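Shown next, in structure tokens, is the structure this report addresses.
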Amino acid sequence: MRIMNTSSVVLVLGLLIAAPVVAQESPGAEDSRVLTSAAMDAALAGHESAADHQRAELNRLLSQPQVRDLALDRGIDIERVESAAAGLSDDEMNEISPLVAKVAPLMRNGLGSVTISVAAIIIILLILILVS
């Protein structure tokens, strides 16, 4: 009985010493469940750059002279539109970005007078006004 008690105490003490040692071991490279800070930073940078890219494209579009003239002709305050564009959330930016993606190449290529781009610009400006 004494041998059994002694071996039980030795086993419990061994487990109490081994558990913290095992818990402190650093995860191996094969452990894909652990997200490193570098991977987290890269994921956040990728997300920020996509949203920032969409906002920058919208700002370039709003700064075009054709868009400013069109807004002036329609009685739309371009300053209000630009401030509304700066405050868009990522979800709102995702809703508007397909329209911006259609219009931006036309504006870059000097085809700003195409009827479809004028309609798209008006839609973008009205969405921005309604969102704000």
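Give ALA51, ALA56 a once-over and let me know the one that is assigned to a helix (DSSP H, G or I), under 20 Å from the mean Cα position of the chain (by Cα) and loosely packed, with under 15 Cβ neighbours inside 10 Å.
Exactly one of ALA51, ALA56 is assigned to a helix (DSSP H, G or I), under 20 Å from the mean Cα position of the chain (by Cα) and loosely packed, with under 15 Cβ neighbours inside 10 Å, namely ALA56.
State the number of residues belonging to region 16-45 that are in a helix (DSSP H, G or I) and modelled with pLDDT of 70 or more.
Our first condition is that a residue be in a helix (DSSP H, G or I); within region 16-45, this holds for 16-24, 37-45.
Narrowing further to those that are modelled with pLDDT of 70 or more: 16-18, 20, 37-45.
Result for region 16-45: 13.
With respect to GLU48, determine if the residue is at pLDDT below 80 and at negative phi.
Taking the combined requirement at face value, the residue satisfies it.
Go through region 59-75 and give me each residue that's surrounded by 18 or more Cβ atoms within 10 Å (Cβ to Cβ) and not small (Gly, Ala, Ser).
LEU61, LEU62, VAL67, LEU70
In region 80-92, how many are surrounded by fewer than 18 Cβ atoms within 10 Å (Cβ to Cβ) and more than 12 Å from LEU125 (Cβ to Cβ)?
Of the residues in region 80-92, 7 are surrounded by fewer than 18 Cβ atoms within 10 Å (Cβ to Cβ) and more than 12 Å from LEU125 (Cβ to Cβ).
Using the structure shown, decide if LEU88 is under 17 Å from the mean Cα position of the chain (by Cα) and either without any contact (Cβ under 8 Å) to a residue 24 or more places away in the chain or not in a helix (DSSP H, G or I) (or both).
Working: under 17 Å from the mean Cα position of the chain (by Cα): yes; either without any contact (Cβ under 8 Å) to a residue 24 or more places away in the chain or not in a helix (DSSP H, G or I) (or both): yes.
Spelling it out, LEU88 is indeed under 17 Å from the mean Cα position of the chain (by Cα) and either without any contact (Cβ under 8 Å) to a residue 24 or more places away in the chain or not in a helix (DSSP H, G or I) (or both).
The values are calculated or read from the model by the stated rules, or taken from the named source; none is laboratory data. Since the model is a prediction, treat every value here as computed from it, not as a measurement. Positions of Cβ are generated from backbone atoms using ideal geometry, with glycine treated the same way; all protein chains shown enter the neighbour counts.
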